[in-house]
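First the structure, in the form of structure tokens, and then the observations on it.
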Amino acid sequence: MKMTMEELDRIAERQRAATYLREGAGHAKVTVHLGTCGIAAGAQPILAAFLEKANAANAATAARAADEEQRKAAWVLVTTSGCAGLCAREPMATVEVRGAVPVKYGDLTPEKVARIFAEHVQGGRPVAEYALVQGSERIS
Amino acid sequence: MSPYRLHLMVCTGTGCVSNKSLKIKAALEREIAARGMEREIQIVTTGCNGFCANGPIVVVKPDDIFYQFLSEEDVPRLVEEHFVKGRSVPSLMYTPPGETAAIPRMQDIPFFAKQRLVALANKGIIDPENIDEYIARDGYRAMARALLEMTPEAIIAEVKAAGLRGRGGGGFPTGVKWELCRASPGDEKYVICNGDEGDPGAFMDRSIVESDPHAVIEGLVIGARAIGAGEGFIYIRNEYPLAVSRMTRALEQAEAYGLLGDDIFGSGFSFRITVNRGAGAFVCGEETSLMNSLEGVLPEPRVRPPYPVVSGYRGKPTNINNVETWVNVPSIVRNGAAWYAGIGTASSKGTKVFSLVGKIRNTGLVEVPMGITLREIVHDIGGGIPGGKRFKAVQTGGPSGGCLPAEMLDLPVDYESLTKAGSIMGSGGLIVMDEDTCMVEVARYFLSFTQDESCGKCTPCREGTRHMRAILEDITKGKGREGDIELLEEMARLVKDTSLCGLGGTAPNPVLTTIRYFRHEYEAHIRDRRCPARVCKDLITFTILPDKCTGCMACAKNCPVNCIAGERKKVHVIDQSLCIKCGNCHSVCKFAAVRVE
């Protein structure tokens, strides 16, 4: 194979998509709360729905962005953490858009995920009717 | 597109592999598969994380949760709690000594917080066996730039302006060396990467090759282009099987991508690299010996001049640098000389990788900016001396470096300061010693090493080190004479000044610095027949204190020569004529009844 700059870029782009997660980079981070309560309430399908949306959005980003910086800036990460403490409202997720206050959503369904993803993660406007709270607890 | 929500960075440096990290990886795969999460969680094997003392290590991305001392039994709980339920597991995290709260995030752990990564920038982040991951981290971009946009002169000017100096020990300006080699007449030129790393306790180069082999290749290609070499060799000692296999694999992948071979990037520049395995001779760290070894003859150093840049491998102009030097090159070309020159001190630019070993809490691999003090490395990053012992000395530069005392801890780590203190930067071994270390014995030990490794070609090194060792042995055996110290100093100077190569030229450093900073210990051995650190067997006696002995019989049972007499619940006595001073009685006594003096 003959290596060219274009080919090098292509390999880098393809692989970067897989390694953004390690760098914690991106436009937004969605944390699905996978405590026992969350799992029992159906957090796994919620996680799957967010992952599916994020993958589709990231694929579109990769195709559209002019360069690496743009791509990195628009990336959406999906990760998981434990019980958020409000077990009665599981399944829950926290959406953090860069530069904005984190918002916690409760009683999620895959349909709500679709709207939260489109309006909040991508559009930057929190979906007030599904939101439980803004911000995080204080950690002293 | 990555559907993964977590990446598990499993350290597979040699340290963690010997602590069974591959079994951890297999257990993780099993547990994750059992829960059907293979498509959500990616397991990545990486090179050395650096915190070797606490291996096996797994770092969980994107949140950088640091797990240490993992065992196979921990894995099901880790997977269930953290990866299924999202609750990280504090009991598997790092807890600073004397504290109770674990530190979850890697970058908050003091060991990592003070480091500055250039040579090891990809450690623990990429899979060294996957070239695409290197490319995704801007890999081979500097090489493309060097081949397509820069003239050889411009590359050399960049490396010179960066102030990069040889990381193998000599500290010679790398750009100047390249320039000399480029200027040497001849069409056939070579570049060599020295990965012999013979210093006991040193593993910087091994870890770099294991963590980021493509960065070494990229540096070598850029250097070859600057110099005008068509062929390169990477010389790795055979005792580094993982480094050899990762480098071999990396070369295959680079060749398959056309990053090595003919007409790279369509630039018209062709270059090939071969891995050569060394047979583990310390003298091969000396560049002319290494070239002889490559040619298949005895690895003895050659007389210089002519220098290798004029007449090296097969008598052709050859440029040789060590692994850490080469690995800095792509960063310099990519980020510019000014960026690199902005790190470090006036005369020592960039960072230095050290392997931190000996009596130190956080054994491992660290990369720090030049100019950091020894105290910061030993106490802040290294976590100080374990077991409540006091710091006594740190040896920089491996077996041919000097031992620096506590008063020198505020010394900045740069080439000039270390040389002035009687030591060397060397390739980056840092051996920490505590109060239980006898400095005369340390000098004897290291001189024995260099004497064993002396190739014997030149008289000062072969005979000089042999006689110096004999004098040191006498001193540690209580047979030292007045005037020995002065004789050692005189011989040390002679060996340093007249040896053919760097082996003899630095071998006396441990002797000279221990005399300079710990002369009283030599005097105690010679005049008082006493070893202040209570190490030298011929100068110490073990006695049982009658008022403390409870007659528990532990010492008698553990004495390998049965020289301790005494009945149950009665005071025991050591027969001094039979005692071999192994120290077993002292270690097993629970009542501090065995005195050593």
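The values are calculated or read from the model by the stated rules, or taken from the named source; none is laboratory data. Just so you know, these numbers come straight off a predicted model, no measurement behind them. So basically every Cβ, Gly included, is an ideal-geometry build from the backbone, and we count neighbours across all protein chains shown. Please note that ligands, DNA and RNA were not included when accessible areas were found on the heavy atoms of the full protein model with its side chains. Shrake-Rupley method; radii C 1.70, N 1.55, O 1.52, S 1.80 Å.
Observations
- Single residue of the stretch A:5-19 satisfying the filter (more than 21 Å from residue B:42 (Cβ to Cβ) and at the interface with chain B (Cβ under 7 Å from one of its Cβ atoms)) that is surrounded by the most Cβ atoms within 10 Å (Cβ to Cβ): A:8
- Scanning the stretch B:557-575 for residues that are of a type in the set (D, E, K, R) and assigned to a loop (DSSP other than H, G, I, E, B), we see that the one that is most open to solvent (accessible area, probe 1.4 Å) is B:569.
- Summed over the stretch B:223-259, residues that are open to solvent by less than 50 Å² (accessible area, probe 1.4 Å), among the hydrophobic types (A, V, I, L, M, F, W, C) and part of a helix (DSSP H, G or I) total 10.
- Residue list for the stretch A:20-42, filter: more than 9 Å from chain B (Cβ to nearest Cβ), aliphatic (A, V, I, L, M) and either open to solvent by 50 Å² or more (accessible area, probe 1.4 Å) or in contact with a Pro (Cβ under 6 Å, 6 or more places away or on another chain) (or both): A:40, A:41
- For the residues B:539, B:578, the requirement of being exposed (fewer than 14 other Cβ atoms within 10 Å of the Cβ) and in contact with a Cys (Cβ under 6 Å, 6 or more places away or on another chain) singles out B:578.
- When residue A:95 is tested against the conditions (1) touching a Phe, Trp or Tyr at 6+ places or on another chain (Cβ under 9 Å); (2) in a helix (DSSP H, G or I); (3) within 16 Å of residue A:26 (Cβ to Cβ); (4) away from chain B (no Cβ under 12 Å), the lone failure is (2).
- Test: residue B:277 is in contact with a strand residue (DSSP E or B) (Cβ under 9 Å, 6 or more places away or on another chain), within 26 Å of residue B:13 (Cα to Cα), surrounded by fewer than 24 Cβ atoms within 10 Å (Cβ to Cβ) and among the basic types (Lys, Arg): yes
- Cβ pairs under 7 Å, 6+ apart, first in the stretch B:127-146 and touching a residue at least 60 places away in the same chain (Cβ under 8 Å) and at the interface with chain A (Cβ under 9 Å from one of its Cβ atoms), second among the aliphatic types (A, V, I, L, M) and open to solvent by 30 Å² or more (accessible area, probe 1.4 Å): B:144/A:5
- Just one residue in the set B:5, B:77 is surrounded by fewer than 17 Cβ atoms within 10 Å (Cβ to Cβ) and either modelled with pLDDT of 90 or more or within 11 Å of chain A (Cβ to nearest Cβ) (or both); that residue is B:77.
- All conditions but one from (1) open to solvent by less than 10 Å² (accessible area, probe 1.4 Å); (2) touching a helix residue (DSSP H, G or I) at 6+ places or on another chain (Cβ under 8 Å); (3) farther than 16 Å from residue B:515 by Cα apply to residue B:418; the one that does not is (2).
- Any hit, the stretch B:517-529, residues being touching a Cys at 6+ places or on another chain (Cβ under 9 Å), without any contact (Cβ under 8 Å) to a residue 60 or more places away in the chain, assigned to a helix (DSSP H, G or I) and open to solvent by less than 20 Å² (accessible area, probe 1.4 Å): yes
- The stretch B:115-182 holds helices (runs of 4 or more DSSP H) entirely within its bounds, and those carrying 3 or more residues that are surrounded by fewer than 22 Cβ atoms within 10 Å (Cβ to Cβ) map to B:141-148, B:152-162.
- Segments classed as strands (runs of 3 or more DSSP E), wholly inside the stretch B:1-96, with at least 3 members that are among the β-branched types (Val, Ile, Thr) and within 28 Å of residue B:366 (Cβ to Cβ): B:41-46, B:58-61
- Qualifying residue in the stretch B:435-452 (condition: surrounded by fewer than 23 Cβ atoms within 10 Å (Cβ to Cβ), within 30 Å of residue B:303 (Cα to Cα) and out of contact with any helix residue (DSSP H, G or I) (no Cβ under 8 Å at 6 or more places or on another chain)): yes
- Residues that are surrounded by fewer than 21 Cβ atoms within 10 Å (Cβ to Cβ) and out of contact with any helix residue (DSSP H, G or I) (no Cβ under 7 Å at 6 or more places or on another chain), drawn from the stretch B:41-64: B:53, B:63
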